[in-house]
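Heads up, the thing below is written out as structure tokens.
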């Protein structure tokens, strides 16, 4: 860096008599803000009066063989030094900060301090205890090294303060960094950790959002419509139209279910009645050839039971299903009033079995 001497220029000799001698303005460079001219006249270095308008006919300007531009403003200067660790493959890096300001520009110009970091780096390298302090630590223990180096530099600068002729120099702070490889590794690990945390947070958010939506859907379409209206995603008119359509569909489904249930019930009753009639016919056919059963009495009893259980089957239907048929010999017809011959339809004694 070009500090504190910004630039140095050789000046040509000015020819002519003493009253006609003038140096051209272009021979001397423009002075930056915060800098001063230091002219070399013979073997001496002279400061051009600060704040004075540059005069090409000034005696020092005419007789100068060179000019130096010196920055007199205070600057924060940083210098670095590497320190060993336990492993030969790894190093620590110390960055020390100093405040510097020129107090005597002529001394600075005479010393030719173009880069102040050179003497400051030499000062930092002069403390041998820094290397011995860091050599007992692994590169991963950079925090412990940072603390020890900070304490050491504070004590070292107090006992042996940094000195640069013509400047005031003060130690400010010291920072310790690990090697570039370790720093890159830690940065990659940190970036992956942050990415993983970001992805996990995104998944948790999506899961929570999904649970809320599922809970909303479980509460019914009315809650969904209310949520959409609150978020201005659907209008009240649209929600009302959907509710009206859903109500009509539900009413139509209920009507269809009721009609289907009635049809099914009627079909079941018809089937049960038909099954009962078929059962009666089968029973009557089986009993028709028996001499021990009064068919008319059984039929009347079945018709009475059928009228109580199935109103659709009448006595007339039963009469149509089973006719009276011819009377057996030796039997007496059952009258309409239910009277019977004492001997009709029954076995009186064992001799009748031989008929």
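Values quoted throughout were computed directly from the atomic coordinates according to the rules given, and no laboratory measurement underlies them. In this text the structure is predicted, and so the values were computed from the model without any measurement. Glycine gets a Cβ as well: all are built from the backbone with ideal geometry, and neighbour counts include every protein chain shown.
Compute the relative contact order of the range 5-71 as a whole-number percentage, counting only Cα pairs closer than 8 Å that sit 6 or more residues apart in sequence. List each step's numbers first, then the result.
On the way: 105 pairs, mean separation 33.2, N = 67.
The value is 50 percent.
A convex hull fitted to the Cα coordinates of the range 5-71 yields 82 cubic angstrom per residue.
Can you tell me which of 222-230, 261-269 comes out highest on packing, and rank the rest after it, using the mean Cβ neighbours within 10 Å?
The most tightly packed comes first, giving 222-230, 261-269.
When a/c is below 1.5 the answer is rounded, else prolate if a/b is larger than b/c, else oblate, so apply that to the range 55-150 with a ≥ b ≥ c taken from the square roots of the Cα gyration tensor eigenvalues. It is prolate, given that a/c is not under 1.5 and a/b is the larger ratio.
So what is the relative contact order of the range 1-138, in percent, for Cα pairs below 8 Å that sit 6 or more residues apart? In percent, rounded to a whole number, it is 30. Ranked by how many other Cβ atoms sit within 10 Å of their own Cβ, fewest first, the residues 255, 137 fall in the order 255, 137. The listed peptides 35-45, 193-203, 234-244, ordered by packing as a protection proxy, come out as 35-45, 234-244, 193-203 (highest mean of other Cβ atoms within 10 Å first).
A protection proxy built from the mean count of other Cβ atoms within 10 Å ranks the segments 102-109, 53-60, 150-157, most packed first, as 102-109, 150-157, 53-60.
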